[in-house]
1. Tell me, what is the percent relative contact order of region 2-175, built from C-alpha pairs under 8 Å that lie six or more residues apart?
2. Would you mind checking the pairs Lys64/Lys91; Lys79/Lys113; Lys46/Lys168; Lys121/Lys166; Lys111/Lys168; Lys36/Lys177 and listing those with alpha carbons more than 30 angstrom apart?
3. Could you pull out every one of the aspartates and glutamates with an alpha carbon less than 14 Å from that of Lys73, ignoring same-chain neighbours closer than 8 positions?
4. Report the trypsin sites (Lys or Arg not before Pro) located in region 28-109 that are in a DSSP loop and have at most 10 other Cβ atoms inside 10 Å of their Cβ, or state none.
5. Based on the Cα gyration tensor of region 34-177, what are the three equivalent ellipsoid semi-axes, each the root of five times an eigenvalue, rounded to whole Å and given largest first?
6. In debye, nearest 20, what is the charge dipole magnitude of region 2-175 about its Cα centre with +1 on Lys and Arg Cβ and -1 on Asp and Glu Cβ, if you could check?
7. Using 0.36 nm per residue, how much length does the chain from Glu40 to Glu87 gain when fully extended, once their Cα-Cα distance is taken away?
8. Please list, in chain and number order, the residues 5+ apart from Tyr175 or on another chain whose amide H is under 5 Å from its amide H, with Hs placed from the backbone.
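Since every read-out is calculated from the coordinates, none of them should be taken as a lab result. Here the structure is a predicted model, which means the values were calculated and not measured. Heads up, the Cβs are rebuilt from the backbone with ideal geometry, glycines too, and the neighbour counts pull from every protein chain shown.
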Amino acid sequence: MVILFFKIKKIKNKLEIIATHDKLITEIYNRLEMNKRLIEEIERAKRYKTPLSIIYFDIDYFKKINDTYGHEKGDFVLKEISKLIKENIRKTDIFGRWGGEEFLIILPSTKAKEAVKISEKLRKIIQEHNFDGLNVTISFGIAELKENDDNISIVNRADRALYKAKEKGRNIVVYIK
């Protein structure tokens, strides 16, 4: 009976990882888990009246990478960017894949000004990294939690900022209040 309990527990743990992570490519949180975490962090920030910012970013010209070099190279870029970001954010930050080549970083106890600094650091790290012969850049949109925000409104604002970054030429950080 004890052995069966531990086998079930092990299977349950594996299923939890499969359900919450982009296990196939990046091994970071998936959108479902990121949305859950964002809701939790918004509730925490509002309850304790602490700041919260998010960084929403995507890979510039990612479709061109896939079309020119193939999906294997595209997957390599996704994995490498995920690894670089994980290595260069704080342990308290929450990082995951939002979809396709889009990513989200939740920054608890962080004002937008600091989120911009973090994004600039990450932007430079990616820009200077050699992706097996490819130069890759990313564009960033920043949003800070407002009193009446929920998970949808803050992501929408960060998405608008990301869109502005794309309009302004890519490989930049944009914050919209």
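1. Here the relative contact order equals 26 percent.
2. Lys64/Lys91; Lys46/Lys168
3. Glu101, Asp132
4. Those satisfying the criteria are Lys49, Lys91.
5. 27, 15, 13
6. That gives region 2-175 a dipole magnitude of about 540 debye.
7. Length gained, Glu40 through Glu87: 14.6 nm.
8. Counting only residues 5 or more places away or on other chains, the set is Ile142.
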